[in-house]
Amino acid sequence: MSNLVIHGGRRLSGHVPVGGNKNAALPLIAACLLTRETCELRNVPRIRDVDVMIDLLRSLGATVEGAGTTTLRITCADISSVEPDPRLVGRLRGSVLLIGALIGRTGRVLLAPPGGDFPARRTIATHLGAVSAMGARVVETPQGHELDASEGLRGASIYLLEASVTGTETALLAAAQAIGPTEIRNAACEPHVVELCEFLAGMGARVEGIGTSTIRLDPAGPLHGATHTLRGDYIEAASWGVVGAITGGEVEITGAHPRDLEPITAVLEEMGLDLTLDDRAFVVRPSSLVAMRRITTGLWPAFPSDIVSLVTVLATQAVGRTLVHDWMYELRLFALEQLSAMRADLFVCDAHRIIVTGPTRLRGRTLDSRDIRSGMALIAAALAAEGESTVLEIETVERGYADLVERLRALGADVSKTGQDQHAVKKT
């Protein structure tokens, strides 16, 4: 594994173009399994999670052209296996999406436990419940889950007990191969769910209620190939905005849609960040930051959990006390306990709440990147700190951020990568 050595204390400035939305890329790649025809995806982020998803499709018999580039051409003319490679499944939470895509296409799925961030704390009960409502039989085995729908899926009226993003996407993928219409209530509304709905519509499905909590989908016959250009990754854009803000620099971020960024920039403005957001760019400038009484995550369009770690780090440089409450995920904030050794004034109340008092001058130390988002947050802290920091296992962060080292250097960061990279990008 590789480590990232950071000499902090530099003001970072410059321009960062963001890639396509990571959280849209994975379900869109999975959706290519729904047709025998070729699909083309453009503005695909060049990140490790996409590489793993490509390898998963190849393990099922798909042909993928353009791996390692921003344009993928995926053809799933024949499915040679109903069991995605368990080793790869164990590396990627998004592998759970293959349940919905495969069960309708082949009538059977064998899936090992999905990996990714906090696998033991994130169940797939919502996903399994959705396909069960359409007629799939689910058996839990020592190796994972075995699903059977040899008689085909049938459209259903489904209420999701949890407005899970991948749960909603799994239901949509399965519904696209079912006989008759399906209505999904309490559906997630995130921009990446919208993109999947638009892609399925481009493949020939009738989709109503896109962007709302009630989605109706009718396959209306066999699906065909389609082309889709991914929207920019708003979480990545916000991450680079925080990097600029915490180092006191001026950073221009392009490629993300302003409506997608609005739930995040509203909070950043309340913290005193001098920013502009329009159709052309998201720009942050040197600012005097102030604490917010409370920052709480929520379902879209509320403040997203994926950016809470970075904003928590930013709060260490704000005047006053901020309570950060991420009720959606356990353990994400626990990874930030390492900030205490950097002289940050933190009080971890429980698995979901942390109190930050600032501002404090951070100092460098060795840090452990335990998941994508808290890993990027620790990088931001190290960039603002005095002295040298080492962020371990930087591959974890690179699962969600393309060309991480190169982009940091382009902004003026003093960073170097050490150790062995064991997951080289495959290109064809």
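The residue of the range 80-118 that is modelled with the lowest pLDDT, among those that are within 15 Å of the chain's Cα centre (by Cα) and charged (D, E, K, R), is 117.
Of the residues making up the range 314-345, those that are farther than 21 Å from residue 391 by Cβ, surrounded by fewer than 21 Cβ atoms within 10 Å (Cβ to Cβ) and modelled with pLDDT of 95 or more are 319, 320, 321, 323, 325, 345.
In summary, residue 16 fulfils each of the numbered conditions (1) open to solvent by less than 50 Å² (accessible area, probe 1.4 Å); (2) outside any strand (DSSP E or B) with the single exception of condition (2). Say whether the condition of being out of contact with any strand residue (DSSP E or B) (no Cβ under 8 Å at 6 or more places or on another chain) and under 27 Å from residue 194 (Cβ atoms) is met by at least one residue in the range 147-162. Yes - at least one qualifying residue is present in the range 147-162.
When you check residue 84 against the structure, is it closer than 30 Å to residue 149 by Cα and not aliphatic (A, V, I, L, M), yes or no? Write out each step before concluding.
Values: closer than 30 Å to residue 149 by Cα: yes; not aliphatic (A, V, I, L, M): yes.
When the stated conditions are applied, residue 84 passes them.
Can residue 252 be described as closer than 21 Å to residue 312 by Cβ and either out of contact with any Asp or Glu (no Cβ under 9 Å at 6 or more places or on another chain) or free of Cβ contacts under 8 Å to residues at least 24 places away in the same chain (or both)? No. Within the range 161-204, the residues that satisfy the criterion of being open to solvent by less than 30 Å² (accessible area, probe 1.4 Å), closer than 19 Å to residue 96 by Cβ and assigned to a loop (DSSP other than H, G, I, E, B) are 163, 164, 176, 178, 187, 188, 190. Residues in the range 211-237 that are of a type in the set (A, V, I, L, M, F, W, C) and farther than 26 Å from residue 281 by Cα: 5 in all. Taking the range 272-282 only, how many residues are closer than 19 Å to residue 234 by Cα and surrounded by fewer than 21 Cβ atoms within 10 Å (Cβ to Cβ)? Going through the range 272-282 one residue at a time, the tally reaches 7.
Taking first residues from the range 56-85 that are closer than 21 Å to residue 103 by Cβ and partners that are open to solvent by 60 Å² or more (accessible area, probe 1.4 Å) and assigned to a loop (DSSP other than H, G, I, E, B), the Cβ contacts under 7 Å between residues at least 6 apart in sequence or on separate chains come to 60/80; 61/78; 61/80; 76/36; 77/36. Determine whether residue 361 is among the charged types (D, E, K, R), out of contact with any Asp or Glu (no Cβ under 7 Å at 6 or more places or on another chain) and open to solvent by 40 Å² or more (accessible area, probe 1.4 Å). Taking the combined requirement at face value, the residue does not satisfy it.
Within the range 153-202, being of a type in the set (A, V, I, L, M, F, W, C), out of contact with any Gly (no Cβ under 7 Å at 6 or more places or on another chain) and under 14 Å from residue 94 (Cβ atoms) holds for 165, 193, 196. All conditions in (1) surrounded by fewer than 16 Cβ atoms within 10 Å (Cβ to Cβ); (2) more than 28 Å from residue 18 (Cα to Cα); (3) among the acidic types (Asp, Glu) hold for residue 83, with the sole exception of (1). When the residues of the range 283-313 are filtered to those that are farther than 20 Å from residue 350 by Cβ and polar (S, T, N, Q), the one that is most open to solvent (accessible area, probe 1.4 Å) is 288. Taking the range 222-257 as the range and being open to solvent by 20 Å² or more (accessible area, probe 1.4 Å) and either of a type in the set (Phe, Trp, Tyr) or touching a His at 6+ places or on another chain (Cβ under 9 Å) (or both) as the test, the residues that pass are 231, 252, 254. Residues in the range 381-404 that are open to solvent by 10 Å² or more (accessible area, probe 1.4 Å) and either of a type outside the set (S, T, N, Q) or more than 27 Å from residue 340 (Cβ to Cβ) (or both): 10 in all.
The values are calculated or read from the model by the stated rules, or taken from the named source; none is laboratory data. Keep in mind the model is a prediction, meaning the values are calculated, not measured. With ideal geometry, Cβ positions are generated from the backbone for all residues, glycine too; neighbour counts draw on all protein chains shown. Note: accessible area is taken over every heavy atom of the protein model, side chains too, but ligands, DNA and RNA are not part of it. Shrake-Rupley method; radii C 1.70, N 1.55, O 1.52, S 1.80 Å.
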